[in-house]
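What follows draws every value from the coordinates through simple rules; no lab data is involved. It should be emphasised that the depicted structure is a prediction, and the values quoted were computed from it without experimental measurement. Cβ placement follows ideal geometry from the backbone for every residue including glycine, while neighbour counts extend to all protein chains displayed.
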Amino acid sequence: MANFQRANASDAAKKTAAVRPLIFLLLIAAVVAMQYFHLEQYLDKERLLQFGASYRVLLPLIYLVVWTLAPLVMPGLPITLAGGVLFGPFWGVIYTAIGSSLGAGLVLLVARYLARDWVAAKLSGTRLMSLDEKVARHGWKIVAFTRLVPVFSYSLLNYAFGLTRISFWPYLAATFICMLPATIAFVYFSSNLLDLLHGQISRGLIIGVILVIIVSLIPVIYKKMKPKNADPLEP
């Protein structure tokens with residue numbers, strides 16, 4: 001039974017790893033389709049930034065609320081990409097970093113105080129059940145490691161950390177700081193993505209693609225460097 005659960009967990013991890021590049025490719029395909037059908041007039045970059053500026057308080061607030069609640073039920077990557085389009089590279093990173101950290105904090109609290117038994121049952125038999133032991137040994141450093149080297153999905157980790165003894169504020173701080181590299185990469189990429197609608201492959205877009213590739217390769221390189229049977233949660 002335990003072997004069956006571990007196999008299911010392994011399959012789930014592989015599916016999760018495939019989601020990010022798939023969304024990335026679908027997004028580029030959507031932009032190319034928009035250009036083909038001449039829909040770029042509705043997604044002009046400057047017009048969108050002006051729209052965001054005209055709702056200086058309301059739109060960022062809505063974005064933060066969505067980001068805080070979304071990790072309970074869905075992956076955060078589409079929201080991150082929307083942040084780059086709506087707010088540009090600077091404010092997009094600020095709002096996304098804050099929103100994703102708040103979302104991670106909310107999921108941890110839900111898992112710890114409202115749905116502990118349900119989360120424990122879902123994670124039973126997976127390697128994430130050893131996370132509490134790792135937290136006992138490494139403290140907040142295990143949070144930092146799993147954010148910098150995302151071998152498990154963001155949402156799954158948030159729930160799993162709710163079953164550990166990690167203190168809330170160190171968890172939130174490590175999450176905020178160590179998710180910044182991926183946040184910067186995806187927000188910077190999406191903030192330049194609309195250049196394709198005008199047939200431009202801008203310098204910013206090329207840099208964004210390179211940054212996304214780099215952060216996406218981190219878990220792949222890590223898995224290649226680690227011994228085959230090593231614990232993926234061990235720094």
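Some points to look at:
- Karplus (6.51, -1.76, 1.60) ³J(HN,Hα), θ = phi - 60°, over the stretch 92-106, in Hz, Gly and Pro reported as x: x, 5, 4, 5, 5, 4, 5, x, 5, 5, 5, x, 5, x, 5
- Filter on K141/K226; K141/K224; K134/K223 - keep pairs with C-alpha separation over 20 Å: K141/K224
- Contour excess over end-to-end distance, with Cα ends at L59 and D132 and 0.36 nm allotted per residue: 22.5 nm
- Positive contributions from Lys and Arg (+1) and negative ones from Asp and Glu (-1), summed over other residues with Cβ under 15 Å from the Cβ of A104, come out at +2.
- 3J(HN,Hα) couplings calculated from phi for the stretch 124-134 with the Karplus curve 6.51 cos²θ - 1.76 cosθ + 1.60 (θ = phi - 60°) are, in sequence order, 4, x, 9, 5, 5, 5, 8, 4, 4, 5, 5 Hz; Gly and Pro show x.
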